[in-house]
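What follows is calculated from the coordinates using simple rules that are stated; it is not laboratory data. Given the structure is predicted, the values throughout are model-derived calculations rather than measurements. Backbone-built Cβ (ideal geometry, glycine too); neighbour counts: all protein chains shown.
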Amino acid sequence: MADPTDAAPRTAVPTASPDALVIGAGPGGLAAAAALRHYGLRPLVLERAQQLGASWRNHYDRLHLHTTRRLSSLPGLPIPRRFGRWVARDDVVRYLELYADHHALDIATGIEVQRVERAGGSVSGAGWALPATGGRVLTAPVVVVATGHNHTPYTPSWPGAGTFTGELLHASAYRNASPYRERDVLVAGAGNTGAEIAVDLAEGGAARVRLAVRTPPHVVRRSTAGWPAQATGILCRRLPVTLVDRAAARLAKVSVPDLAPYGLPRPTDGLYTRARQGAIPVQDVGLIAAVRARRVQPVAAIAEFDGGTVRLADGTEAEPDVVIAATGYRRGLEDLVGHLGVLDDRGRPVVHGARTPSGAPGLYFTGFTNPISGMFREMAMDARRIGRAVAHAR
């Protein structure tokens, strides 16, 4: 099969009068559309890129799902066994293509929705109007917002960043280590993306790799004796936070070596406490070994730039050739739905899944949480709930 990242844009004949509009043709949007079709509705998926699964197509080359194939399938179609237990980026894209074809989803690409408005200006929520590119205004009684947890790359406003004489890029622009061989690279951000890029650079021939850490992450084994960390996350989701925190701390002492002598101390707060705040643990895909071998050097967080010098929070300085900001994303929902009063003070939907915000019937959100039990699994559950809720409300 050809590389899906080079696939031609999908062409589809849009549904003339859709029962629902789904914004975003990533896994959450496709799952929601498939669930709606299962209940006899005619959804139309709107995607601003020229291909479905655009975010996955643009991730770095070595990325794999950190959740198992069996626990990551979307409703109505298992991920093929040939893709392996930990599904690679390109195979995730292949699966999304297969999924859209299997469910015969109507997907209109190259259409960016500018705003979600109440149809006719009504405050009663009697349907929705979506102004979009090309002067279109699309209408439907139901809208599912599935634009993604990782929508808009975020780079901190570091003092002096504009004076940096080296190369500064966001992790969203990183593909592989080839351009950075024999170069000194500082990766800012010790989440899953930053940790994996740091390992990729070390294995790919970078002369030096430093990982700037603001808050030491919880590091967990992706699997232990064949038991995936995701399965533990599923079992723990309904348990008391303090109980899970204590159990996770004990497990970490047994399964993860102390990296404090290498500059990466264990966190002082609990794993589940932090996960409930949106910071999931780092799944080890080589970080532990790279740090212990001193191929990746943890350092303090970036404080400021001064020409070619990067000053760190502990007062030390570095002069890297490249700084890669693995500093996360913003959901970017303010322009789309912020005027509807459906976001909290952090820009997150106040509800998701089958629940609709107060005063906004027919408006649903999916894909804006990042639970320790797995994002794909959560989106699959959301999709089923949304499908049932919409069908019962008709």
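Quick notes on this one:
- Rounded tilt (10° steps) of 89-102 against the dominant C-alpha axis of the chain: 10 degrees
- Long-range HN-HN contacts of GLN297 with modeled amide H, under 5 Å: VAL209, ARG210, LEU211
- A simple spin-label model places pseudo-atoms 7 Å from Cα toward Cβ; at ARG276 and TYR39 they are separated by 3.0 nm.
- Whole-Hz Karplus values for the range 348-362 come out as 9, x, 5, 9, 8, x, 6, 8, 10, x, 4, x, 9, x, x Hz, taken residue by residue from phi with 6.51 cos²θ - 1.76 cosθ + 1.60 and θ = phi - 60°; glycine and proline positions read x.
- When the Cα convex hull of the range 53-205 is projected onto planes of every orientation, the mean area is 13.6 nm².
- Ordering of 248-260, 24-36, 267-279 by packing [mean C-beta count within 10 Å, highest first]: 24-36, 267-279, 248-260
- Rounded tilt (10° steps) of 192-203 against the dominant C-alpha axis of the chain: 50 degrees
- Contour minus Cα-Cα distance for THR309 and ARG294 (0.36 nm per residue): 3.2 nm
- Between THR133 and ASP61, the modelled label-to-label distance comes to 2.8 nm, taking each label 7 Å out from Cα in the direction of the beta carbon.
- Relative intensity, log₁₀ I(q)/I(0), of the range 51-130 from a Debye sum that treats every alpha carbon as a point, q = 0.12, 0.16, 0.23 Å⁻¹: -0.51, -0.73, -1.05
- Springs join every pair of Cα atoms under 10 Å in this Gaussian network model of the chain, and among ARG70, ARG246, ARG348 the largest mean-square fluctuation is at ARG246.
- For the range 332-347, the Karplus equation 6.51 cos²θ - 1.76 cosθ + 1.60, evaluated at θ = phi - 60°, returns couplings of x, 9, 4, 5, 6, 9, x, 6, 8, x, 10, 10, 8, 6, 9, x Hz by residue, with Gly and Pro reported as x.
- Helix-only arithmetic for the chain: the sum of -39500 (n - 2.57) across DSSP H runs with n ≥ 4, divided by the residue total, places the mean residue ellipticity at 222 nm at -7500 deg cm²/dmol.
- Rounded to 10°, Cα long-axis angle of helix 241-255 versus longest principal axis of the chain: 50 degrees
- ³J(HN,Hα), Karplus 6.51/-1.76/1.60, whole Hz, each residue of the range 150-159, x for Gly, Pro: 9, 8, 10, x, 10, 10, x, 8, 5, x
- Percent of C-alpha pairs per 20 Å bin in the chain, short distances first: 26, 55, 19, 0.
- Spatial extent of the range 228-368: Rg and Dmax, with the Cα atoms as the point set, Å: 19.9, 56
- Projecting label points 7 angstrom from Cα along Cα→Cβ for LEU243 and ASP184 puts them 5.1 nm apart.
- Fully extended contour minus Cα-Cα distance, from THR224 to TYR154, at 0.36 nm per residue: 21.9 nm
- The distance linking the range 146-162 with the range 60-133 is 23 Å (Cα centroid to Cα centroid, whole angstrom).
- Taking every alpha-carbon pair in the range 154-328 and binning the separations at 5 Å intervals from zero gives 1, 8, 17, 20, 18, 15, 10, 6, 3, 1 percent.
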